[in-house]
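Visitor: Quick one: the structure is below, questions incoming.
The values are calculated or read from the model by the stated rules, or taken from the named source; none is laboratory data. Computed from a prediction, not measured in an experiment: that's the story for all the values here. Note: ideal-geometry Cβ built from the backbone for every residue, glycine included; neighbour counts use all protein chains shown. The accessibility values were calculated without ligands, DNA or RNA, using every heavy atom of the protein model including side chains. Shrake-Rupley method; radii C 1.70, N 1.55, O 1.52, S 1.80 Å.
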Amino acid sequence: MRAPAHALPRPESFTSRLRGPEVTARVGLWLGICFLIAFVTGLYSHFQQDMPGWLTLPRRPVSLYRVSQGLHVISGTAAVPLLLVKLWSVFPKLFERVDLGNARRLGLQLAERGSIALLISSAIFQLSIGLANTTHWYPWSFSFRSTHYAVAWVVIGSLLVHIAVKLPIIRSAITGPVDPRPSPEPAEPEYADEYAAVPMPSETAPPAGPPTAGLSRRGLLRATWLATGVVVLSTAGATVPLLRKVSVFGVRSGDGPQGVPINKSALAARVTELARDPNYRLELKNGDRTMKLSLDDLTQLPQNTATLPIACVEGWSASGEWRGVRMRDVLSLVDAPDDVDLIATSLQKSGAFRVTRLPSQFVNDPLTLLALELNGEPLSIDHGFPCRLIAPNRPGVLQTKWLAKLEVQA
Ligand SMILES: Nc1nc2c(c(=O)[nH]1)N[C@H]1C(S)=C(S)[C@@H](COP(=O)(O)O)O[C@H]1N2
Ligand SMILES: [Mo]
């Protein structure tokens, strides 16, 4: 038996007057802006963590990474409600029949659908793993950063193709009125021979009806902007101190020992015993020259203060007043030359962030400290006791805690 013809809906089955390119294009414009901000700030964050040799990133302002990564997570979060509304507004197009009779038309339809399928699936994937990351949830086994970076190019590439293809529709939809004017006669659809000239159902005039009945498109757009605003305000407090009180869903909104949130606790990193060991020694190494310093030795060295943020890639950040020994002064103890990079290793036995490479420009920066204190007290065990690395304008993942060894890179 043949399936009844109405088994699948047709685009015409969806009769909401709220759908239309006027809505899709306006929401799409803001979604595009969010994707662009997330892409640019994402590239910056990626290069911060994987600095190519030809690139020198600035060390000032010290909060540049904090602002840029805050924007990255805020724009990505704002994109979620925008993407949902945009997908809803074009949903009926999913049920458009492909024209199997005309090879050229079929080719064009498949190319269009393929590129949109790529855009939608990569965008949903990208926002989903990004959102999971902001909540410190990694329910997958692939490397987050390299995957998020690779998919970003797919999203931005297919987005540019999409915008180029839709530009004529976008332009007329955005410059025209949002809500249809009331028209006495239902508009007759026009058909032409060429595929390109056939208006897509939602690109034709919307079904006429009194615009005052129910929610207007303008109302739908207002609700969309409001929802996006609420989503941003309820999460951005993780990085914007002024919003901490209203950000009920903010992850680690400013709480933590010594007024700074923590990412990984000493317990989780399994370093508590080693870090509290009275025989703890920090090992310095420059080629054959080695030196071992106790916490007492470190406190005897000249101390300096620096106000620097911890800015986690996951989107939270907080500023702290750090006190400790300038990294440059520490390395001078083993006669390290001026232009060397440093490898800093943690007491932690395993984990992605136990080792970091500090390029020489950061080693020599007077604000880069081997920190012993935070906000007027000795470092708490969770912030990296007995000592940690803190450098200006770097992602949190590179601010290694519970240091065991500082080694000049050969
Ligand atoms: N050894 C070690 N250092 C580490 C980490 C870690 O897991 N192990 N996490 C890093 C991350 S992701 C961040 S955001 C900062 C957070 O520092 P805090 O916990 O003192 O706020 O520490 C960094 N230093
Ligand atoms: Mo982090």
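Visitor: Take the residues of region 132-160 that are open to solvent by 70 Å² or more (accessible area, probe 1.4 Å) and modelled with pLDDT of 95 or more: which is nearest to Lys264 (Cα to Cα)?
Guide: Arg145
Visitor: Do any strands (runs of 3 or more DSSP E) entirely within region 219-319 hold 1 or more residues that are among the hydroxyl-bearing types (Ser, Thr, Tyr), and if so, which? So that I can check it myself, show each step before the final result.
Guide: Numbers: elements: 282-286, 289-293, 304-311.
Correct list: 289-293, 304-311.
Visitor: Collect the residues in region 232-276 that are within 16 Å of ligand 2 (Cβ to nearest atom), buried (at least 22 other Cβ atoms within 10 Å of the Cβ), modelled with pLDDT of 90 or more and hydroxyl-bearing (Ser, Thr, Tyr), keeping them in residue-number order.
Guide: Thr239
Visitor: Can you list the strands (runs of 3 or more DSSP E) found entirely within region 333-410 that contain at least 3 residues being within 10 Å of ligand 1 (Cβ to nearest atom) and not assigned by TED's automatic domain parsing to the domain that holds Phe47? Outline the logic, then answer.
Guide: Values: elements: 342-346, 355-358, 369-374, 388-390, 403-408.
Filter on region 333-410 gives 342-346, 388-390.
Visitor: Against the conditions (1) under 18 Å from Leu308 (Cβ atoms); (2) away from ligand 2 (no atom under 15 Å from the Cβ), where does Val397 fall short? Just the number, please.
Guide: Unmet for Val397, out of (1) under 18 Å from Leu308 (Cβ atoms); (2) away from ligand 2 (no atom under 15 Å from the Cβ): (2).
Visitor: Identify all residues within region 333-358 that are away from ligand 2 (no atom under 15 Å from the Cβ) and open to solvent by less than 60 Å² (accessible area, probe 1.4 Å); write none if there are none.
Guide: Residues satisfying the conditions are Leu333, Val334, Ala336, Val340, Asp341, Leu342, Ile343, Ala344, Thr345, Leu347, Leu358.
Visitor: When both residues are 6+ apart or on different chains and their Cβ atoms are under 7 Å apart, which pairs have a first residue that lies in region 242-263 and is under 17 Å from Gln399 (Cα atoms), and a second that is at pLDDT below 85 and within 15 Å of ligand 2 (Cβ to nearest atom)?
Guide: Pro261/Arg252
Visitor: Right, something else. Please work out which residue is nearest to Leu167 (Cα to Cα), limiting yourself to region 45-71 and to residues that are open to solvent by 30 Å² or more (accessible area, probe 1.4 Å) and in contact with a Phe, Trp or Tyr (Cβ under 8 Å, 6 or more places away or on another chain).
Guide: Here the answer is Leu55.
Visitor: Would you confirm whether or not region 316-332 contains a residue that is over 21 Å from Arg276 (Cβ atoms), away from ligand 1 (no atom under 14 Å from the Cβ) and hydroxyl-bearing (Ser, Thr, Tyr)?
Guide: Yes - at least one qualifying residue is present in region 316-332.
Visitor: Does Ser75 satisfy the condition of being open to solvent by less than 20 Å² (accessible area, probe 1.4 Å) and part of a helix (DSSP H, G or I)? I'd like the intermediate steps shown before the answer.
Guide: Working: open to solvent by less than 20 Å² (accessible area, probe 1.4 Å): yes; part of a helix (DSSP H, G or I): yes.
Answer is yes for this residue.
Visitor: I'd like to know if region 290-301 contains one or more residues that are hydrophobic (A, V, I, L, M, F, W, C), open to solvent by 40 Å² or more (accessible area, probe 1.4 Å) and within 22 Å of Asp382 (Cβ to Cβ).
Guide: Yes, because at least one residue in region 290-301 is hydrophobic (A, V, I, L, M, F, W, C), open to solvent by 40 Å² or more (accessible area, probe 1.4 Å) and within 22 Å of Asp382 (Cβ to Cβ).
Visitor: Looking only at region 370-394, count every residue that is touching a Leu at 6+ places or on another chain (Cβ under 6 Å), open to solvent by 30 Å² or more (accessible area, probe 1.4 Å) and either within 16 Å of ligand 2 (Cβ to nearest atom) or β-branched (Val, Ile, Thr) (or both) and tell me the total.
Guide: So the answer is 0.
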